[in-house]
Amino acid sequence: MIKIATFNVNSLNIRMHILREWLATENPDVVLLQELKTTDDNFPYLETAACGYNAAVYGQKAYNGVAVLAKKSISAVRRGMDDEQARFIAVDTDGMTCVSVYVPNGNPKESKLEYKLKFMDWLYDQTKTLLKERKPFLIGGDFNVIVTDDDVYNPKSMKDDALTDPQVRAKFRALTNLGMTNALKMFPNENNRYSFWHYMGGAFERDHGMLIDHILLSPQLADRLKDARIDKTPRGKERPSDHTPLIIEIE
């Protein structure tokens, strides 16, 4: 089995103690990280190497940032969409292409929704290109999309938000309609409902969350999917990220 995870760490330097402990416990083969909030130069390469991982990084000071950690060697690193925001990194490792993505939040919609929609269009084109190569690949990360009203505790509170915007939802559907499988949706249960909880109002303790993190699988990997789950343990730690990891296992 190959274990792959995605985790929006919401500032790696602050959460490194949580990531280090979690890596030792779960021992995933590949980890997709988002919202590093650190530059390439300041990424903790020595610490991740001590945990047993190679690292490919597309960092940015104070904002954004994505990375892929892998136990096996990493090659063919690609970064995009632009030099303005570090939100996409793709690598080849363990016989597949692994993409870590951090889709823009899009709020406030008046000033930021346009860039979010542009990024999603670009991601759609990247996915089409990968599919044409007919090689196994996955795209995982923080998509900042509440796909349906069932994916949020209080849909009414999000009705005017960029995460539920009809254009955003349509672009996510278009992405999956290319032939991508949303791994977590193949294993519906109460544990797998939410991946994000706000820090305020005891949201995590009351399970007032939302599902905005996803792992999308190409047909070649979807056929090998054996499990998909949300690990809530890191969210209950001291000074946690507001996200928690998604984990899949494939043959």
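Values quoted throughout were computed directly from the atomic coordinates according to the rules given, and no laboratory measurement underlies them. Note that this is a predicted model, so its numbers are computed, not measured. Every residue, glycine among them, receives a Cβ derived from its backbone with ideal geometry; neighbour counts consider all protein chains shown.
Quick rundown of the values:
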read-out	value
Sole residue being outside any helix (DSSP H, G or I) and over 24 Å from residue 60 (Cβ atoms), chosen from 146, 139	146
Residues within region 71-93 that are surrounded by fewer than 16 Cβ atoms within 10 Å (Cβ to Cβ) and closer than 19 Å to residue 224 by Cβ, tallied	1
Tabulated pairs, region 72-93, first of a type in the set (Asp, Glu), second surrounded by fewer than 22 Cβ atoms within 10 Å (Cβ to Cβ), C-beta under 6 angstrom, 6+ apart or interchain	92/75; 92/76
Region 44-60: number of residues that are farther than 12 Å from residue 93 by Cβ and either surrounded by fewer than 14 Cβ atoms within 10 Å (Cβ to Cβ) or under 18 Å from the mean Cα position of the chain (by Cα) (or both)	8
Test for residue 164: is it surrounded by 15 or more Cβ atoms within 10 Å (Cβ to Cβ), without any contact (Cβ under 8 Å) to a residue 24 or more places away in the chain and more than 22 Å from residue 132 (Cβ to Cβ)	yes
Criterion violated by residue 174 - all others in (1) buried (at least 18 other Cβ atoms within 10 Å of the Cβ); (2) in contact with a Phe, Trp or Tyr (Cβ under 8 Å, 6 or more places away or on another chain); (3) part of a helix (DSSP H, G or I); (4) not basic (Lys, Arg) satisfied	(1)
Region 195-212, residues that are surrounded by 23 or more Cβ atoms within 10 Å (Cβ to Cβ), touching a Phe, Trp or Tyr at 6+ places or on another chain (Cβ under 9 Å) and among the aromatic types (Phe, Trp, Tyr)	197
